[in-house]
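Worksheet: the structure to be examined is printed underneath.
The values are calculated or read from the model by the stated rules, or taken from the named source; none is laboratory data. As the structure is a prediction and not an experimental result, all values here were calculated from the model. Every residue, glycine as well, gets a Cβ built from its backbone with ideal geometry; the counts of neighbours run over all protein chains shown. Keep in mind that these areas ignore ligands, DNA and RNA; they rest on the heavy atoms of the full protein, side chains included. Shrake-Rupley method; radii C 1.70, N 1.55, O 1.52, S 1.80 Å.
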Amino acid sequence: MTTYVVRRLLDLVFVLFGVSVLIFMMLRAIPGDAVAIMLGANVDITPERVDALRRQLGLHLPIHEQYLRWLTDVLRGDLGRSVWTGRPVADEILGRLPVTLQLSGMALVTAIAVSFPLGMAAARTRGTRADAWMRVSSIVGLTLPPFWVGVLMLYVFSIYLPTWPSIGYVPFGDDPLGNLARMVLPVIAVSLPMIAALTRILRSSLLDVLSLDYIRTGRAKGLAPRSLFYKHALRNALIPVVTVIGVQAGHLLSGVIVIEQVFAIPGLGRLVIGAINERNYPLAQGVILTATVVFVFINLLVDLAYAWIDPRVEYG
Amino acid sequence: MRDLGRRLLRNHIGVAGFVLCIIVTFAAALAPLLATHGPREQQVVARFQGPSTAHLLGTDNFGRDLYTRILYGFRTSLAVAFAAVGFAAVLGVTAGLAAAFYGGVVDRVLMRMMDVLLAFPIILLAIAVLAVLGPGSGNTALAIGIVYLPMFARLARGPALTVLSWEYVSAARALGASGVRIMTRHVLPNILAPLLVQLTLSLSTAILVEASLSFLGLGTQPPTPSLGLMLSESRDFMLLSPWASIFSGLAILLASLGFNLFGDGLRDIVDPALRGAAD
């Protein structure tokens, strides 16, 4: 296991290096003079202003030196300054990150909490007419665009429950109930595809495991059905489910970034879209870097959980 | 291949998906013939209307015919999805085959590059590419294509390695067949089935990603009709008339659903090991 973890961490260093190079190149790859674009129409573009911003961004140095300088800054937690507000990008991101994490975390927990009983119940429908129905509805759930579900729910709530606070965000510390009430709709919209995916995989995985010989043996030697199911079948059936949770976590994050736009939730998604629309490239760069690094570590956790649950994973 | 068609016919879900794909594709291709109005034709007196005989699905805030705009929206959606998946499949499979065939440094460098692309959350990578290239349908296709590259590279490399170890490939090599010939004539046909499944499923998700990006305002730009953009704009007048929101989202769902059902049916057929497991 230790060798596996070490190897996985080495992979991680390489991947993070690649990610940092790509994101660093982002600012440099923008056609035309990114600096002039960033100065925008709001101020007079004087050569002095352009020059000052170029120096601030370190654009006068050779490219590899720029990268090294940028990387050392990033590792020290300095992601540069927002072009418009002048505030450190890291501060802007830290203010928004908890919002996105709360929404994603709640959606993830909801998806797991709903899909487990559903998947287990669905495993009992084998061979019935419900089979095909199950399958179609899970595919419909998978392709259901969260932003559409969000828009429709907003409409329904604005007509039938106009007092419900469905838009915006308040910190949990300020108003716990208000915070949770505003999370309900976005969490539903974002978790639906994941519920569909998890229910389906759990069901088929359970059916596979339940048809194996050792379950029959267990039944033959008189194990209580309940313990047979929970202790012997479910644990083995979880292995493919963990893989799907990993894959779906990525889609979930994508869903969250878009849904923030629907419900006016001030998270990383709104921050990055706003930054790109304002051509605030250092800010956009910082958000994409932060979210990707968080995502890389989530994937690492999923891989480690997988190795932990399934002893057959090769650690070599 | 004929056998495949026969087995597909017995798979009802796959057939339903296939039919839905055909309908959507035809609607997109024949949009100018099927449309009852011009896609940008505005009738200010007929704004915010519900479905009627004059406007099958109603009208939007400019009095534009929703049925017509959805047909043209399918066009943009499918064009972007096909271009993106085509780009990703051709380049990704080539990279995967090259990695498998040459091995060593080529393999390591290519696949490590794919790992880096895979490290990004899908939508963020697409957003980053669009931030650099600027919005528009073409750039959206390119962005989604880049996002899907590594999936096809991985899906080609693994099975290609297996096929390369088969004896008849060694025989072909011994007879002096070139690398390109071995890969295209001997390896590719053997690994095509899972690639086709992935291709179909990718079309389904590409339609959703295109809609998301256009919804965010980074994808297709007005006045080009786009389903994601329609949904985004319709939010402003939803309380006056919800039809634009309902139908544009439903259109996204149907287009994506067709390819997903079809791909799901295909997977059942080409991968007997998975049959029963997935249904």
- prompt: With +1 on each Lys and Arg Cβ and -1 on each Asp and Glu Cβ, how big is the dipole of the protein assembly as shown about its Cα centre, in debye rounded to the nearest 20?
  reply: 1660
Solvent-accessible area, 1.4 Å probe, carbon plus sulfur percent, for the protein assembly as shown: 66
- prompt: Could you give the accessible area per residue of chain A, probe 1.4 Å, as a whole number in Å²?
  reply: 49
field: Heavy-atom accessible area per residue - segment B:21-100, 1.4 Å, Å²
entry: 43
query: Counting pairs of alpha carbon atoms under 8 Å apart in space and at least six apart in sequence, what relative contact order in percent does chain A give?
result: 26
- request: Compute the acute angle (0 to 90°) between the alpha-carbon long axis of helix A:268-277 and the principal axis of greatest extent of the alpha-carbon atoms of chain A; round to the nearest 10°.
  value: 40
- request: Between the chain alone and the structure with every protein chain in place, find the residues of segment A:212-258 that drop at least 30 Å² of accessible area; heavy atoms, 1.4 Å probe.
  value: A:251, A:254, A:257, A:258
task: Assuming a ≥ b ≥ c are the square roots of the Cα gyration tensor eigenvalues, decide whether the protein assembly as shown counts as rounded (a/c under 1.5), prolate (otherwise, with a/b larger than b/c) or oblate.
output: rounded
message: Need one number: buried accessible surface between chains A and B, 1.4 Å probe, both sides summed, DNA, RNA and ligands left out, in Å² to 100.
response: 4200
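For B:256, A:211, B:52, give the ranking by accessible area with the largest first, probe 1.4 Å.
A:211, B:52, B:256
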task: Give the shape of chain A as rounded, prolate or oblate, defined through the alpha-carbon gyration tensor: a ≥ b ≥ c are the square roots of its eigenvalues, a/c under 1.5 means rounded, and otherwise the shape is prolate if a/b is larger than b/c and oblate if not.
output: oblate
- line: One can check that the equivalent ellipsoid of segment B:2-278, built from the alpha-carbon gyration tensor with semi-axes equal to the square roots of five times its eigenvalues, has lengths in Å, largest first, of 41, 22, 14
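Just from its helices, what would the mean residue ellipticity at 222 nm be for the protein assembly as shown, if runs of 4 or more DSSP H residues each count -39500 (n - 2.57) and the sum is divided by every residue, rounded to the nearest 500 deg cm²/dmol?
-24500 deg cm²/dmol
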message: Between helix B:137-164 and chain B, what is the angle of the helix's C-alpha long axis to the longest principal axis, kept within 0 to 90° and rounded to the nearest 10?
response: 30
query: How large is the charge dipole for chain B, taken about the Cα centre, if only the Cβ atoms of Lys, Arg (+1) and Asp, Glu (-1) carry charge, to the nearest 20 debye?
result: 580
query: How big, on average over all directions, is the shadow cast by the Cα convex hull of segment A:58-165, in nm²?
result: 13.1
Longest DSSP-loop-exposure-free segment, trypsin sites (Lys or Arg not before Pro), chain A, at most 12 other Cβ within 10 Å: A:130-220
statement: Helix B:66-102: inclination vs chain B longest Cα principal axis, degrees, rounded to 10, gives 10
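Loop sites only, by DSSP: take the chymotrypsin sites (Phe, Trp or Tyr not before Pro) in chain A that have at most 15 other C-beta atoms within 10 Å and name the longest stretch containing none of them.
Answer - A:173-314.
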